[in-house]
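Engineer: Let me begin by handing over the structure; questions about it come next.
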Amino acid sequence: MAKRDKAATLGERVESLLEAADLASGRLDVLAVEEARRVARQVDRRLAFAGDDTVIALAGATGSGKSSLFNAISGTRLAEPGLKRPTTSKAMAAYWGPELPTDLLDWLDVPRRHLVQGDDPAFNGLILVDLPDHDSTETAHRQEVDRLVKLVDMLIWVVDPQKYADAALHNNYLKPLAGHADVMLVVLNQADRLTGDQLRQAMRDLRKLLDSEGLGKAQLVAASALTGLGVESLRKTIAAAVKGKHAAAARLAADVARAGHDLREAYGDQRVPQKVPDARARQLNESLAQAAGVDIVRDAVTQSMRHRGALATGWPVTAWLSRFRPDPLRMLHLDRARPAKPGKRQSPELAPVTVQRTSLPTAGGVQQARVDTALRELAEGASEGLPPGWSKVVRGATIAHVDRLADELDQAVASTDLAMDRGQGWWKVITVLQWLFFIAAVVGGVWLLVDVALAYMQLSPLPTLMIGRLPLPTAVLLGGSLAGVLTGLLARIGVEVGARAKAARAERVLVRSVTDVADRLVIAPVNEELARFNRGREQAARAMA
Ligand SMILES: Nc1nc2c(ncn2[C@@H]2O[C@H](COP(=O)(O)OP(=O)(O)O)[C@@H](O)[C@H]2O)c(=O)[nH]1
Ligand SMILES: [Mg+2]
């Protein structure tokens, strides 16, 4: 049961490794990414062989006794000991079990294979490989060793008393494989050729050497293929590995951990934000708002509201004259209202005008420079702590859609509902009042004129009605005029308050429209990269665990 859990965990870690590599593709060191992919693929395939078989290889220098030990351990005569030359460059394998695991042997690419049908249940499922000499003068041999060393589950390094400290073996093979120390075994063969003291001395030396190379976990065994010393202990070690299938799982786990570690290192340790810092985004929004002419539109809204308010609530004569002044919003092509509801009549001021383009001046040099600065600072802020390749991609993401920015901002401003058609119901009431006052004043005035004309022509005057001490026509003329002027003044205050509120609201919604564009064209692509990085780094760390 526990073993199953472990396999599942390893499978998940392989997935994490692969995802971390895919996410880093084109962004991190190409070698680290490719190595991670290779390991992930390899382990994945190895896991696909159900992990029932254990592959153990004997490696070592010419004449160290690999073939002799192979025969001693296996109880066969399959390997060819002795200094016969030329030795083959291909590995040879024996398999204990009912039937050769052809898939696995093909994958390992071991062409010479033997089925051992001994009744040794402890070895059931073992593939024992006799590798070509790693120190061979023929490169084909060495390449074969290098290839198989990466694939097997457990490695038994066979050394002899003369060459156990050989620099080529330690530097080219043992040290680089230190991460796999727990699936490596070092055998000091030909122990029979040493006295007891010499053997102890050699074992101490070798142990020290291995420890100093980070191979403290690698088991060291003294053996002799000739006398059989240590062979039983080797067989036990191998049997244990086979039984627990520890070797396979541990080796694969070590591979994945190593690749995950390397990739994680390529990701780096710097703190990287999850998303574009708020302050940077705000700075960008502000400069974009300015470049998009939000200030100009806000001022135009104020002025347009004053203008329209004066038309609606002012004294009819001056209001009529104002008609000939242009509406500031209309000049910017921004007097768009919500589309009229069908069947509902709208006054000409409020009729919807569909424009897709504003007539705002295009962003000047200064605004453009501010936008560029904001973009650059955003790129810098967002790519802080990223490895160079990734930081380049983030920089690219900030300006990926920069050519669409101006157009989309203009459209965003043009299509933002400035709500110019709402909240001015009271204007209509004032309009009616102003006309009533105006008509009253005109009636009073005409009445007085008629009185004057009648007096001039010496006709009897109209009947005189008195309001207090004022004659009625005078009272109506003065009252209507005064009321008109006062109403106009009061309404002007109301219009001003309304204009400012509307301008503030317009600014708010315009900034929101601009922010939407910035989010879509700049912030989102950058955030995507940052999320990609953080996810990739997390997955690489998960592969390490
Ligand atoms: N004295 C002694 N000779 C050995 C031992 N193992 C192997 N030999 C001899 O060393 C030579 C090389 O052995 P071989 O197994 O072919 O080594 P390989 O080249 O690593 O495969 C042969 O002549 C063996 O008989 C051992 O444990 N003791
Ligand atoms: Mg040999």
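The values are calculated or read from the model by the stated rules, or taken from the named source; none is laboratory data. Because the structure is a prediction, the values reported are computed rather than measured. Please note: Cβ atoms are built from the backbone with ideal geometry, for glycine as well, and neighbour counts cover all protein chains shown.
Engineer: Do the conditions hold for Ala72, that is, is it modelled with pLDDT of 85 or more, within 49 Å of the chain's Cα centre (by Cα) and either within 16 Å of ligand 1 (Cβ to nearest atom) or outside the structural domain of Asp192 (by TED's automatic domain parsing) (or both)?
Structural biologist: No: the conditions fail for Ala72.
Engineer: Related question: From the residues in segment 116-127 that are over 19 Å from Ala59 (Cα atoms) and either in contact (Cβ under 8 Å) with a residue 40 or more places away in the chain or of a type in the set (S, T, N, Q) (or both), which one is nearest to ligand 2 (Cβ to nearest atom)?
Structural biologist: From segment 116-127, those over 19 Å from Ala59 (Cα atoms) are 116-125; that's our starting set.
Remaining after also requiring either in contact (Cβ under 8 Å) with a residue 40 or more places away in the chain or of a type in the set (S, T, N, Q) (or both): 116-118, 120, 122-125.
Numbers: Val116: 18, Gln117: 23, Gly118: 21, Asp120: 22, Ala122: 24, Phe123: 20, Asn124: 25, Gly125: 24 Å.
The selected residue is Val116.
Engineer: For the subset of segment 275-333 comprising residues that are part of a loop (DSSP other than H, G, I, E, B) and of a type in the set (Lys, Arg), which member is farthest from the chain's Cα centre (by Cα)? Write out each step before concluding.
Structural biologist: Filtering segment 275-333 down to residues part of a loop (DSSP other than H, G, I, E, B) leaves 275-277, 292-293, 314-315, 323-327, 332-333.
Then drop every residue that is not of a type in the set (Lys, Arg), which leaves 275, 323, 325.
Values: Lys275: 9, Arg323: 56, Arg325: 54 Å.
Among residues in segment 275-333 that are part of a loop (DSSP other than H, G, I, E, B) and of a type in the set (Lys, Arg), the one farthest from the chain's Cα centre (by Cα) is Arg323.
Engineer: Could you check segment 212-271 and list, in sequence order, the residues that are closer than 30 Å to Leu18 by Cβ and among the hydroxyl-bearing types (Ser, Thr, Tyr)?
Structural biologist: Scanning segment 212-271 gives a single hit, Tyr267.
Engineer: Does Asp410 satisfy the condition of being in contact with a helix residue (DSSP H, G or I) (Cβ under 8 Å, 6 or more places away or on another chain) and crowded, with 17+ Cβ neighbours inside 10 Å?
Structural biologist: Working: in contact with a helix residue (DSSP H, G or I) (Cβ under 8 Å, 6 or more places away or on another chain): no; crowded, with 17+ Cβ neighbours inside 10 Å: yes.
No.
Engineer: If you don't mind, another one. Which one of Asp255, Asp211 is buried (at least 17 other Cβ atoms within 10 Å of the Cβ) and assigned to a helix (DSSP H, G or I)? Don't jump to the end; show me each part of the working.
Structural biologist: On the way: Asp211 fails: buried (at least 17 other Cβ atoms within 10 Å of the Cβ).
Unique residue meeting the criteria: Asp255.
Engineer: Within segment 187-196, does at least one residue satisfy the condition of being among the acidic types (Asp, Glu) and farther than 18 Å from Ser68 by Cβ?
Structural biologist: no
Engineer: Just one of (1) crowded, with 16+ Cβ neighbours inside 10 Å; (2) within 16 Å of ligand 1 (Cβ to nearest atom); (3) acidic (Asp, Glu) trips up Glu232, so point out which.
Structural biologist: Going through the list (1) crowded, with 16+ Cβ neighbours inside 10 Å; (2) within 16 Å of ligand 1 (Cβ to nearest atom); (3) acidic (Asp, Glu), Glu232 breaks only (1).
Engineer: Within segment 96-115, how many residues are surrounded by 14 or more Cβ atoms within 10 Å (Cβ to Cβ) and touching a residue at least 24 places away in the same chain (Cβ under 8 Å)?
Structural biologist: Final tally of qualifying residues: 9.
Engineer: I'm checking my understanding of the structure. Among residues of segment 221-245 that are closer than 17 Å to Gly75 by Cα and not in a helix (DSSP H, G or I), which one is nearest to ligand 2 (Cβ to nearest atom)?
Structural biologist: Filtering first and then ranking leaves Ala225.
Engineer: Given Ala167, Ala218, which one is farther than 23 Å from Arg77 by Cα, more than 16 Å from ligand 2 (Cβ to nearest atom), buried (at least 22 other Cβ atoms within 10 Å of the Cβ) and not assigned by TED's automatic domain parsing to the domain that holds Arg258?
Structural biologist: Ala218
Engineer: Take the residues in segment 258-305 that are surrounded by fewer than 18 Cβ atoms within 10 Å (Cβ to Cβ) and of a type in the set (Gly, Ala, Ser), then tell me which one is farthest from Arg542 (Cα to Cα).
Structural biologist: The qualifying residue farthest from Arg542 (Cα to Cα) is Ala279.
Engineer: Would you confirm whether any residue within segment 189-198 is surrounded by fewer than 19 Cβ atoms within 10 Å (Cβ to Cβ), over 43 Å from the mean Cα position of the chain (by Cα), of a type in the set (Asp, Glu) and more than 24 Å from Val256 (Cα to Cα)?
Structural biologist: yes
Engineer: Is there a residue in segment 242-264 that is β-branched (Val, Ile, Thr), within 30 Å of Asp519 (Cβ to Cβ) and touching a residue at least 12 places away in the same chain (Cβ under 8 Å)? Working first, answer last.
Structural biologist: The initial filter retains those residues of segment 242-264 that are β-branched (Val, Ile, Thr), namely 242, 256.
Keeping just the survivors that are within 30 Å of Asp519 (Cβ to Cβ) gives none.
No, that holds for no residue.
Engineer: For segment 128-151, check the following and say yes or no: at least one residue is at pLDDT 85 or above, assigned to a strand (DSSP E or B), assigned by TED's automatic domain parsing to the domain that holds Arg235 and more than 16 Å from ligand 2 (Cβ to nearest atom). Walk me through it before giving the result.
Structural biologist: As a first pass, look at segment 128-151 and keep what is at pLDDT 85 or above: 128-130.
Still in the running and assigned to a strand (DSSP E or B): 128-130.
Checking which are assigned by TED's automatic domain parsing to the domain that holds Arg235 leaves us with 128-130.
In the following step, the residues that additionally are more than 16 Å from ligand 2 (Cβ to nearest atom) were identified as none.
No, that holds for no residue.
Engineer: If Gly118 passes every condition in (1) small (Gly, Ala, Ser); (2) within 16 Å of ligand 1 (Cβ to nearest atom); (3) surrounded by fewer than 16 Cβ atoms within 10 Å (Cβ to Cβ) but one, which one does it miss?
Structural biologist: Against the list (1) small (Gly, Ala, Ser); (2) within 16 Å of ligand 1 (Cβ to nearest atom); (3) surrounded by fewer than 16 Cβ atoms within 10 Å (Cβ to Cβ), Gly118 comes up short only on (2).
Engineer: Looking only at helices (runs of 4 or more DSSP H) that lie completely in segment 370-461, which have at least 1 residues being within 60 Å of the chain's Cα centre (by Cα) and closer than 30 Å to Trp315 by Cβ?
Structural biologist: 425-456
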